[in-house]
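Heads up: the structure comes next, in structure tokens.
Since every read-out is calculated from the coordinates, none of them should be taken as a lab result. Everything numeric in this text was worked out from a predicted model, so none of it was measured. Neighbour counts are summed over all protein chains in view; Cβ atoms, including those assigned to glycine, are modelled from backbone coordinates with ideal geometry.
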Amino acid sequence: MRERGETQSGLARAVKVDRSTVSQLLHKDTARLPNAQVVAECATALGVSVDWLLGLSDKPESAADLLEASMQVSEAPRALIDEQIFAWHTEAAGYKIRHVPAALPDMLKTKAMLRWEYEPHLGRTIDQAIGASQDRLNWIGNSLSDYEIAMPLFEMEAMVTSTGYYRGLPEDVREEQIAHLFALHEQLYPTLRIFLFDARELFSCPITVFGPLVGVIYVGQTYMAFRDRARVKVLSEQFDGLVREAYVSARDFPTHLQALSAS
């Protein structure tokens with residue numbers, strides 16, 4: 001009542017009881033307990049949860065408010081520059097980032113690969129988008145965060161053979177991209193670790209876990225982001241399971257990539 005600037009008379013009017021009833025409930029020596037309807041109406045009038053009023057919870061927020069705070073649904077644009085993703089990276093700077101991408105992550109791609117992939121959608125703005133995206137990726141690379149990326153085996157196989165999603169990828173772009181992956185491993189390992197898992201044995205939808213702060217599921221055109229510790233932990237454990245059962249370890253990634261390229 002003090003935090004909301006509410007008086008006994010004002011609360012009594014909101015709950016539709018006598019002021020003396022509120023006064024009795026507030027008195028520390030009273031033996032009177034309110035009925036369920038009065039508790040519920042007091043909670044509504046004061047913007048707190050019934051459980052908190054009854055001493056059953058240490059969180060005064062209502063269940064709806066807690067759910068809204070713990071889960072965020074936002075748009076996932078098909079674009080190089082994703083403000084929401086960058087905001088989550090900024091918030092989690094210094095924490096380990098766990099990532100199961102929908103395809104080869106943009107941060108691992110050459111400019112030629114980005115152009116091939118995004119130019120049909122961005123048209124003449126592709127150069128500006130690549131420049132802005134590169135600035136963002138440079139910031140992410142300098143954020144002192146460790147990155148673990150887990151991808152299915154078929155993702156790298158499709159890229160190396162220009163099949164599936166990468167059908168039509170020009171040979172020179174593909175070869176430059178492969179060389180770029182070797183260079184990234186040489187420069188950034190073990191800060192950047194890439195694991196490959198067998199999708200016939202394991203499955204994961206695209207997810208990103210930003211340290212202990214946020215766990216995000218990508219469902220196509222939408223992100224579902226969770227902030228409560230229990231759900232973030234579940235997503236972290238899902239990712240860690242992929243790493244434990246990885247067919248190709250981060251250390252062996254370049255060897256596997258070399259074998260794919262030579263076949």
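Per-structure values
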| item | result |
| --- | --- |
| Cβ-Cβ FRET estimate between Ala262 and Glu119, R0 fixed at 22 Å, reported to 0.05 | 0.15 |
| Residue-averaged 222 nm ellipticity for the chain, from DSSP H runs of 4+ at -39500 (n - 2.57), nearest 500 | -14500 deg cm²/dmol |
| Inter-part distance where the range 107-145 and the range 181-225 are each reduced to a Cα centre, Å | 18 Å |
| Kirkwood hydrodynamic radius over Cα pairs of the range 124-214, then Stokes diffusion coefficient at 4 °C and 1.567 mPa s, in µm²/s | 84 µm²/s |
| Thr161 versus Arg244: modelled label distance in nm, points set 7 Å from Cα along the beta carbon direction | 3.1 nm |
| Whole-Hz ³J(HN,Hα) from phi, Karplus 6.51 cos²θ - 1.76 cosθ + 1.60, for the range 175-187, glycine and proline x | 5, 5, 5, 4, 4, 5, 5, 4, 5, 4, 4, 5, 7 |
| Ascending count of other beta-carbon atoms within 10 Å, so fewest first, for Glu83, Glu155 | Glu83, Glu155 |
| The range 41-55 - phi-based ³J(HN,Hα) in whole Hz, Karplus 6.51/-1.76/1.60, Gly and Pro as x | 6, 5, 4, 5, 5, 9, x, 10, 8, 4, 4, 5, 4, 8, x |
| Loop-resident sites, the range 216-263, for trypsin sites (Lys or Arg not before Pro), counting at most 16 other Cβ within 10 Å (DSSP) | Arg227, Arg251 |
| Antiparallel %, DSSP beta bridges [both residues in the chain], to 5 | 65 percent |
| Distance-filtered residues of the range 88-114 - backbone nitrogen under 16 Å, label point 7 angstrom along Leu213 Cα→Cβ | 88-99 |
| Computed E for Asn142/Asp58 - FRET, C-beta separation, R0 35 angstrom, nearest 0.05 | 0.35 |
| Calculated FRET value between Glu176 and Met71, using beta carbons and R₀ = 41 Å, to 0.05 | 0.50 |
| Reference-scaled alpha-carbon Rg (2.2 N^0.38 Å with N residues) for the range 8-61 | 1.08 |
| Share of alpha-carbon pairs per 10 Å distance bin for the chain, given as whole % | 6, 23, 26, 14, 10, 10, 7, 3, 0 |
| Lysine pairs with alpha-carbon atoms under 29 Å apart, the chain, spacing 8 or more or separate chains | 8 |
| Gain in span if fully extended, Thr7 to Asp135, counting 0.36 nm per residue against the direct Cα distance | 40.6 nm |
